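Presented below is the structure to which this report refers.
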Amino acid sequence: MMFCGIDVSAATLAVAVQQQDQPVEQREFANSAAGHKALIAWLGRRKIAVRVSLEATGIYSLDLALALDRAQGIEVAVLNPKAANRFAQTLRRSKTDSADAQVLAEYSRCMRFTAWRAPDPHALRLRALSRHIQTLTEQNTREQNRLHAAQGSSETPRCLIADLKRSLASLHKRILKLRRDAIALVRADDTLRQRFERMTSIPGIAQLSALHLLGELAALAPELSVRQWVASSGLDPAHHDSGTSVHRPARISRAGNRHLRKALYMPALAAIQHDPHLRAFYTTLVARHKAKMQALIAVARKLLHAIYGIFKTQTPYNGAKLFPNLQIHTS
C-alpha cells in the first residue's frame, strides 16, 4: 500500500507519497484534466494500491476527486478541512503546500480511512445550481439595501438610482430562470423528484428551501446515518468539559457544510410558525430556559431528522412520528 496526500489549489496540486521504510517523494501537477491524468499515471507506475487524502475545497477539488475515484487501484478520501487542520497541528511547524501534502499523506497512513463515494451527477448539478441561486439571492439583497440607501438621500443622482433598479431587475430575471432550470432538473430525475415532493410536505419547507436543501443532501453518501447527517451539517453539539472546574456551555461544532446549515435556517424559522409539533418542541425548550437561538438550532436538527426519515421510509412527513411523546396544545 502506498499513501498519498494532495494539497489542492486553484492552479496546482502539491503531491506527497510515502511507502513503508522509504523516504517521502513529492511532485507537483497542474490542477487540470491533463494534470489529473498525469498524476494518476504517476501514482499507478508502482503497480500497488494507493490511498489518497485531500481536503474538500469546493470546485478546486471536485474534478480531481472524481478523476481519482474513477481510476483503478486508487481509493480517495475527501476530508473536512477542519479535521485535516486539527491533525496537521500535531505534526507540522511550517505551513506550505508541500508540508500540507506530507501531512495529508501521513493522515492516509495513520488515521481511519473512509473512502469517498462520488455523488450522482444529477445531484452535483443541482448542488451547483442551488448554490449559485443562493449567491445571486444574497447579491440581490445587497443591491436592494443599496437602492434603499440611495433613495433616502436627495443628493443621489437619478442615473445611479436607475442603474441600481436595472441591476435588480436583471438579477431577478436570472434568479427566476435558474430556479426554473433547477426545478426542471429535479423533475427529470425520479429520485430527486420524489424526495423534493416529500420534502415540501414538511410545514416550513417551500420550493426554494427544498431546492437548496436537496442540492446539499443529495450529494451525501447514501449509507450515512442520521447522526452523520447532523455531523455533516456542523449542527452536532461540541462539549468543552475538563475535570471539575471547566464546564463551558455546549455549542454547535460548525465542522461541516455551511451551505446546509444556512439552508436549514429559514425552514426552521417557518416551521415553528406553521408546524404544531416543531412549535411545541421549540416552546418547550424556551420554557426550559434555553436561548431562542439554541432552541432554533435544535429545531433545525429535528428538521434534518425528519428529512432523513421521509427519505428512508419514502413516506410524507408526519410530525407525530417525529415527536411521539410530545403534548400538542391546540387553541
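Taken together, the values in this text are just the output of simple stated rules run on the coordinates, not laboratory data. Because the structure is a prediction, the values reported are computed rather than measured. Quick reminder, even Gly has a Cβ in these numbers, built from the backbone with ideal geometry, and neighbours come from all protein chains shown.
Rounded if a/c is under 1.5, else prolate if a/b beats b/c, else oblate: with a ≥ b ≥ c from the C-alpha gyration tensor eigenvalues square-rooted, which is the stretch 121-188?
Prolate, because a/c is 1.5 or more and a/b exceeds b/c.
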Between 0 and 90°, nearest 10: helix 292-313 axis offset from the chain longest Cα axis: 70 degrees
Counting only trypsin sites (Lys or Arg not before Pro) that sit in a DSSP loop (anything but H, G, I, E, B) with at most 10 other Cβ atoms within 10 Å, what is the longest stretch of the chain containing none of them? 113-287
Under 17 Å Cα-Cα from residue 173, which lysines qualify once same-chain neighbours fewer than 8 residues away are excluded? 165
What residue among 129, 172, 161 has its Cα farthest toward the positive end of the dipole of the stretch 121-188, where the charges are +1 on Lys, Arg and -1 on Asp, Glu, each on the Cβ? 129
Stretchable slack from residue 221 to residue 314, in nm (0.36 nm times residue separation minus alpha-carbon distance): 31.8 nm
Hey, which aspartates and glutamates would be in cross-link range of residue 95, C-alpha to C-alpha under 19 Å, not counting anything within fewer than 8 residues on its own chain? 7, 25, 28, 55, 106
Given a Förster radius of 22 Å and the C-beta distance between residue 10 and residue 85 as r, what FRET efficiency does 1/(1 + (r/R0)^6) yield to the nearest 0.05? 0.70
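For residue 124 and residue 137, calculate 0.36 nm times their separation in residues minus their Cα-Cα distance, and state this gained length in nm to one decimal.
Length gained between residue 124 and residue 137: 2.7 nm.
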Would you calculate a helix-derived [θ] at 222 nm for the chain, using -39,500 (n - 2.57) for each DSSP H run of n ≥ 4 and dividing by the full residue count, to the nearest 500? -19000 deg cm²/dmol
Looking at 89, 31, 196, which one has the Cα that reaches farthest to the positive end of the dipole of the chain (charges on Cβ: Lys, Arg +1; Asp, Glu -1)? 196
Lysines whose Cα lies under 27 Å from that of residue 47, excluding same-chain neighbours fewer than 8 positions away: 37
Once the piece of chain linking residue 153 and residue 117 is laid out straight, how much longer is it, given 0.36 nm per residue of separation minus the C-alpha distance between them? 7.5 nm
The helix 276-287 Cα axis meets the longest alpha-carbon principal axis of the chain at an angle in degrees, between 0 and 90 and rounded to 10, of 80 degrees
For Rg/Rh (Cα atoms, Kirkwood Rh), one of (i) 1.12; (ii) 0.98; (iii) 1.03 was computed from the structure I shared and the rest are decoys. Which label? (iii)
In the stretch 217-322, how many lysine pairs have Cα atoms under 23 Å apart, counting only pairs 8 or more places apart or on different chains? 8
What percent of all Cα-Cα pairs in the stretch 217-322 falls into each 5 Å bin, going from 0 up to the bin containing the maximum distance? 2, 11, 21, 22, 21, 13, 6, 3, 1, 0
